[in-house]
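Working notes for the structure below.
The values are calculated or read from the model by the stated rules, or taken from the named source; none is laboratory data. The model shown is predicted, which means the values in this text are computed figures rather than measured ones. Here the Cβ positions follow ideal geometry from the backbone for every residue, glycine too, while neighbour counts run over all protein chains shown. For the accessible areas, the whole protein counts, side chains as well, though only heavy atoms, and no ligand, DNA or RNA atoms are used. Shrake-Rupley method; radii C 1.70, N 1.55, O 1.52, S 1.80 Å.
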Amino acid sequence: MYKIIDEINISGKEDFFTLNNTKNDAHVTISLEKGRITFNDSCGNTMQNYPSVTRINFEVFNLTEIGQTINRENGNIIAYLSTSDVQELAEKTFYEYGQTRVYDFINLKFNIVF
C-alpha cells in the first residue's frame, strides 16, 4: 500500500506501516503484529513503546524500562514510554492544524478507506 493524503505519506501493509507527515517531518512506524510503535515528532525526538539497544557515536545505550530516556548531544531525546503515552503523543502532535486525520493513534485504526 502506498498513498498520499493531505501531505501524509502512508506506506506498508495492513499490520506494518509507516506514516510520514511531510508538512512537519513527523514520522510514525506501527507494527500491529508485534504491538510496536515508534514516533518521531516534528522536533526530532523519538518515542517508542518497546525496549531496545541504540548506538550513538559508537556508544551503546540500553532502553530496558519504561520511562528511560537517552539525551542526545543535539538536545533531542529517545524515550521508552508506555504504549498509551506514545499513542497520546502521536495523536496530539503528529498532525498540523487542519490536516486530515488519516489514522487514529488511540484506537489504532485508519479513518479513511483505501
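A few notes on this one:
- Qualifying residues in region 72-90 (those that are within 15 Å of I106 (Cα to Cα) and either without any contact (Cβ under 8 Å) to a residue 24 or more places away in the chain or small (G, A, S) (or both)) - the one least open to solvent (accessible area, probe 1.4 Å): A90
- Annotation: of all residues in region 54-73 being in a loop (DSSP other than H, G, I, E, B) and charged (D, E, K, R), the one that is nearest to H27 (Cα to Cα) is R72.
- Residue within region 52-63 that is farther than 22 Å from L108 by Cα, modelled with pLDDT of 95 or more and among the aliphatic types (A, V, I, L, M) present: yes
- Lone qualifier among T100, T69, T93 - being without any contact (Cβ under 8 Å) to a residue 12 or more places away in the chain and either under 30 Å from I4 (Cβ atoms) or in contact with a strand residue (DSSP E or B) (Cβ under 9 Å, 6 or more places away or on another chain) (or both): T69
- If you go through region 1-52 and pick out every residue that is open to solvent by less than 70 Å² (accessible area, probe 1.4 Å), in a loop (DSSP other than H, G, I, E, B) and closer than 13 Å to L89 by Cβ, you end up with 4.
- For region 74-104, the candidate set comprises residues that are of a type in the set (V, I, T) and part of a strand (DSSP E or B); within that set, the residue that is farthest from the chain's Cα centre (by Cα) is I77.
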